[in-house]
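The values are calculated or read from the model by the stated rules, or taken from the named source; none is laboratory data. Everything quoted here is computed from the prediction, not taken from an experiment. We place every Cβ from the backbone using ideal geometry, glycine too, and count neighbours over all the protein chains shown.
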There are 2 protein chains.
Amino acid sequence: MSRNDNISMSVIRRLPRYYRFLSELNEQNIDKISSTKLAEIMNVTASQVRQDLNCFGGFGQQGYGYSVSQLKEEIQNILGLNNNYKAILIGAGNLGKAVAKHMNFEKLGFELIACFDCNEEKVGKKLNNLTIMHDSLLDEFCQNNKINTAFLCIPRVCVENVLDKLYGYGIKNYWNFSHYDIARKYSDTLVENVHLSDSLMTLCYKMNNRDKIL
Amino acid sequence: MSRNDNISMSVIRRLPRYYRFLSELNEQNIDKISSTKLAEIMNVTASQVRQDLNCFGGFGQQGYGYSVSQLKEEIQNILGLNNNYKAILIGAGNLGKAVAKHMNFEKLGFELIACFDCNEEKVGKKLNNLTIMHDSLLDEFCQNNKINTAFLCIPRVCVENVLDKLYGYGIKNYWNFSHYDIARKYSDTLVENVHLSDSLMTLCYKMNNRDKIL
């Protein structure tokens, strides 16, 4: 299987959706699916599906379609979901707690091994199976544990200070809920931003321009 | 000012970022900014900035740059942030609560006027200044109030049932945190999805392919 190493972010951003849909089909014991049917679920064209999957070497058989379980497994490998990357959560406020409780990290390639907060009232309390630790313990914890990534659920004004420390400990991958521009400060970091307010403003735009969009 | 009505979603998705940066500059009492400087903050090219803003009629003056407060206000109008759209929250679990407490809705064009949950234990409790209501009151509430949009913070399996009701009440705009495909069921809805797990899987992909990406 040949694999194209120059894959656009828009293809990559569709992969989690392929993976979700294939996981569902797999749970429904559906063995195979045509590119036409997969395209319909994905809301793209069949040619787009074939193009997308060709970036990673194909997987389909003409006249048969795709094997659901095989394609699911291939995409799982491409996404790297079996890596069990060690993550720490910074910020156990409303958002941090919701993220920790809401997400099934293990299925998404991560293991949450610690959470930190600067608020003394939160320290010592439980979040999932973890005890919230004070930020002052970050240094020791990061020296004693190999951490692959940090989930930042803290206000923007707090990010720079914590980020400088985390980067100093060698953490170069971030799931960032703040508006702080991490990649701009440290260009060798990998960052995935969740900008809730941008998403809501986009909805506002769509509503305000309904006639042009629909 | 002429305005191009055929604006791509990628331009639209950059507007909230322009708005955020311009708001910050405005708070710092910075009067004007060149496209070069704005491009640097936005992490795009100056030509991209000019192209983006030209979609909406320009705003810049050659040799002067952009007036920060004027451009901020123009983008605010384009996004429709002054509309004060009435919103209800469905689901006051961890995620719903975090969203309600975390977001400054008024600044983003919305007013949250009610929240609903099917869990009797949550009903009657306070969330911000609102009292959580039982789902069974949705019908009455929606008949007596003009609601523009619903924020869905419920598990995917619960969405279809609630969505059918909300759509029946005439609500056609959704901020959706579940993986349920609303627009596929009702094609005349406007939907903005927040797919946290897709975002985390994308980070996993980036980490798993670090050498190719950086």
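Restrict the check to segment A:202-213 and report whether at least one residue is of a type in the set (Phe, Trp, Tyr), touching a helix residue (DSSP H, G or I) at 6+ places or on another chain (Cβ under 6 Å), within 7 Å of another protein chain (Cβ to nearest Cβ) and part of a helix (DSSP H, G or I). So far as segment A:202-213 goes, yes, one or more of its residues are of a type in the set (Phe, Trp, Tyr), touching a helix residue (DSSP H, G or I) at 6+ places or on another chain (Cβ under 6 Å), within 7 Å of another protein chain (Cβ to nearest Cβ) and part of a helix (DSSP H, G or I). Of all the listed residues (B:LEU214, B:LEU138, B:LEU152, B:LEU190), the sole one being of a type in the set (A, V, I, L, M, F, W, C) and within 18 Å of B:VAL99 (Cβ to Cβ) is B:LEU152.
Screening B:GLY57 with (1) among the small types (Gly, Ala, Ser); (2) within 30 Å of B:LYS126 (Cβ to Cβ); (3) not assigned by TED's automatic domain parsing to the domain that holds B:THR149 gives one miss only, at (2).
Taking segment B:67-77 as the range and being in contact with a helix residue (DSSP H, G or I) (Cβ under 7 Å, 6 or more places away or on another chain) and either among the aromatic types (Phe, Trp, Tyr) or within 14 Å of chain A (Cβ to nearest Cβ) (or both) as the test, the residues that pass are B:LYS72, B:ILE75, B:GLN76. Looking at B:ILE132, B:ILE171, B:ILE147, just one residue is over 23 Å from A:TYR19 (Cβ atoms), touching a Gly at 6+ places or on another chain (Cβ under 7 Å) and at pLDDT 95 or above, and that residue is B:ILE132.
Determine if segment B:113-124 includes at least one residue that is crowded, with 21+ Cβ neighbours inside 10 Å, under 17 Å from B:ASN193 (Cα atoms) and not small (Gly, Ala, Ser). No - not one qualifying residue is present in segment B:113-124. With respect to the conditions (1) surrounded by 16 or more Cβ atoms within 10 Å (Cβ to Cβ); (2) assigned by TED's automatic domain parsing to the domain that holds B:LEU25, B:LEU138 falls short on a single one, namely (2). Taking segment A:78-165 and the strands (runs of 3 or more DSSP E) fully enclosed by it, no element has 3 or more residues that are of a type in the set (Ser, Thr, Tyr), away from chain B (no Cβ under 14 Å) and touching a helix residue (DSSP H, G or I) at 6+ places or on another chain (Cβ under 8 Å).
The set of residues in segment A:16-32 being under 10 Å from A:ILE75 (Cα atoms) and either touching a Ser or Thr at 6+ places or on another chain (Cβ under 7 Å) or of a type in the set (S, T, N, Q) (or both) consists of A:PRO16 alone. Out of the residues in segment A:83-125 that are out of contact with any Gly (no Cβ under 8 Å at 6 or more places or on another chain) and of a type in the set (Asp, Glu), state the one that is nearest to A:SER23 (Cα to Cα). Per the stated criteria, the residue is A:GLU106.
Does B:GLY96 qualify as being in contact (Cβ under 8 Å) with a residue 24 or more places away in the chain, small (Gly, Ala, Ser) and surrounded by 15 or more Cβ atoms within 10 Å (Cβ to Cβ)?
Working: in contact (Cβ under 8 Å) with a residue 24 or more places away in the chain: yes; small (Gly, Ala, Ser): yes; surrounded by 15 or more Cβ atoms within 10 Å (Cβ to Cβ): yes.
Yes.
Within segment B:170-201, can you find the residues that are without any contact (Cβ under 8 Å) to a residue 12 or more places away in the chain, within 7 Å of chain A (Cβ to nearest Cβ) and of a type in the set (D, E, K, R)? Listed by number, the residues that qualify are B:ARG184, B:ASP198. Which of the residues belonging to segment A:182-211 are surrounded by fewer than 18 Cβ atoms within 10 Å (Cβ to Cβ) and acidic (Asp, Glu)? Matches in segment A:182-211: A:ASP188, A:ASP211. Please verify whether A:ASN161 is under 27 Å from A:ILE113 (Cα atoms) and buried (at least 22 other Cβ atoms within 10 Å of the Cβ), treating the condition exactly as stated. No.
When you scan segment A:154-163, do you find a residue that is in the same structural domain as A:ASN119 (by TED's automatic domain parsing), under 23 Å from B:ASN193 (Cβ atoms) and not basic (Lys, Arg), even just one? No, because not a single residue in segment A:154-163 is in the same structural domain as A:ASN119 (by TED's automatic domain parsing), under 23 Å from B:ASN193 (Cβ atoms) and not basic (Lys, Arg).
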